[in-house]
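Participant: One structure, pasted below without further comment.
Here, each number is a calculation from the coordinates, and none is a lab measurement. Note that the structure is a prediction, hence the values are computed from the model and not measured. Positions of Cβ are backbone-derived with ideal geometry, glycine not excepted, and every protein chain shown enters the neighbour counts.
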Amino acid sequence: MNAVSLRLVYIFEFLVSIPAIYTMWSQVGGQGHMDLMSWYWKLLFGAGAAAAIVGVTAAMIGQEKIWTLRSVFWMMLVLIFAAGMGLITLYYHLHEGGDEGDSEETTTAATFRTADDTRCFELHRL
C-alpha cells in the first residue's frame with residue numbers, strides 16, 4: 001500500500017476505535033461513573049488510547065517482524081491508557097455522592113438470639 005492509502009486506513013481505524021473505546025469503557029466501568037466524570041478525563045484517555053491503538057498498527061505494518069521495540073512501546077502505551085481508565089473510574093466510584101439530601105431517616109434493628117435465649121449480636125442502622 002502507498003502512504004496515502006495507509007493514512008486513510010489509519011484515520012478510519014482511529015475513527016472506529018473511538019466509539020469502541022467509549023462503549024467498552026462505559027460497559028466495564030459503568031455508565032453512572034462515566035456520567036460523573038469530567039469531560040477532559042474522557043477526552044484524554046479516549047483519544048489517547050485510540051491514538052495508541054493506531055500507533056500499534058502503524059508499528060506492526062511498518063516492519064517485517066510484528067513485535068519490534070516500537071510496537072511494544074505502543075502496546076505498553078495502550079495498556080497504560082487502559083490502566084488510567086480503570087484508575088479514574090475507580091476514583092469516581094469511590095468518591096460518588098450518595099442520595100443524602102432527599103432520603104428520609106430510617107431505623108432498622110435486628111437481634112439474633114440462640115436457642116437458650118442469649119443474645120448473639122445486634123444490627124442497627126440509623
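Participant: Calculate, in nm to one decimal, what residue 79 and residue 26 gain on full extension: separation in residues at 0.36 nm each, minus their alpha carbon distance.
Facilitator: 17.4 nm
Participant: Any idea how far apart residue 9 and residue 67 come out in nm if each label point goes 7 Å out from Cα toward Cβ?
Facilitator: 2.2
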